[in-house]
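Here is the structure we will look at.
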Amino acid sequence: MTVERIKKISVVEQAIGKIYDLIRTQNLKANDRLPPERELSEMLGISRNSLREAIRVLDMLGIIRVDQGSGMVIDATKVSDSVTRHLSFALLLNRDKLRELFEARLVIETECAGLAAERATPADIAALRAAYADLVESRADRAKGIQCEIQLHALTARIAHNVVLEQILSSLRQILRESRETTVPLSGVTMTTVEYQEKIVDAIGRHDKASASALMHEHLVAVAERVRTRGEQQ
């Protein structure tokens with residue numbers, strides 16, 4: 001019989017946990033300020049030295065920003081960057097699980113295309129059409145064509161107006177960049193890809209959610225099949 005040893009939690013870890021509980025129970029939002037150091041240390045029942053160390057860690061993680069003269073602030077921008085950075089690192093450690101990564105991208109990006117069709121503003125649609133025009137113009141230049149297609153996918157995710165989905169997809173695209181290099185021939189982005197993108201952009205422009213989702217799904221399934229075929233040939 002094996003018994004799992006009880007893990008000792010440092011004072012700093014306890015302090016971080018208490019700050020997290022404070023943010024949760026007080027329903028604090030981005031850009032809200034935490035109480036002054038002395039008040040916060042008394043509130044949490046920890047020393048000011050332990051509190052300072054905990055705040056230093058949370059600052060490094062991008063959760064709290066310390067402003068000179070203004071105190072401690074929950075930082076929305078840094079939280080978003082921190083989420084993306086940590087997710088990218090987690091995905092990097094699982095980059096050998098290519099099929100699972102593609103499945104995740106398929107599910108998320110298909111939904112993003114539908115949301116983009118539902119939520120796109122006239123300015124969003126104009127930007128999307130301009131990005132598609134750049135893809136058409138650059139498709140014969142392999143490097144530029146790849147970059148234009150990446151930008152088109154990124155813009156579609158942004159137009160979905162869901163920051164969490166956009167961040168997850170951004171992390172996935174970074175990890176899958178190498179596989180993208182293997183699916184684009186030396187002659188440049190394929191006409192099949194260009195035609196799919198044209199149909200997706202058109203569906204989003206018409207606010208046709210079902211078509212946008214279905215077309216993105218078909219496009220990504222075709223990409224995944226090219227990756228699988230290329231892997232079998234190597």
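The values are calculated or read from the model by the stated rules, or taken from the named source; none is laboratory data. Everything quoted here is computed from the prediction, not taken from an experiment. Counting neighbours? That spans all protein chains shown, and the Cβs are built from the backbone with ideal geometry, glycine included.
Observations
- When LEU87, LEU34, LEU92, LEU40 are checked against the criterion of being among the hydrophobic types (A, V, I, L, M, F, W, C), surrounded by 14 or more Cβ atoms within 10 Å (Cβ to Cβ) and modelled with pLDDT under 85, LEU87 stands alone in meeting it.
- Answer from GLY114, GLY145 - the residue that is more than 26 Å from HIS207 (Cβ to Cβ), of a type in the set (Gly, Ala, Ser) and assigned to a helix (DSSP H, G or I): GLY145
- Lone qualifier among LEU165, LEU135, LEU152 - being in contact with a helix residue (DSSP H, G or I) (Cβ under 8 Å, 6 or more places away or on another chain), within 16 Å of GLY205 (Cα to Cα) and touching a residue at least 12 places away in the same chain (Cβ under 8 Å): LEU152
- Restricting attention to the range 199-227 and to residues that are surrounded by 19 or more Cβ atoms within 10 Å (Cβ to Cβ) and of a type in the set (Val, Ile, Thr), the residue that is modelled with the lowest pLDDT turns out to be VAL223.
- Under the condition of being of a type in the set (Val, Ile, Thr) and more than 22 Å from the chain's Cα centre (by Cα), the residues counted in the range 116-132 number 0.
- Restricting attention to the range 191-216, the residues being on the phi > 0 side of the Ramachandran plot and charged (D, E, K, R) number 0.
- Hits in the range 67-78 - residues which are modelled with pLDDT under 85 and assigned to a strand (DSSP E or B): ASP67, GLY71, ILE74
- Residues in the range 53-66 that are of a type in the set (Lys, Arg) and surrounded by fewer than 15 Cβ atoms within 10 Å (Cβ to Cβ): ARG56 only.
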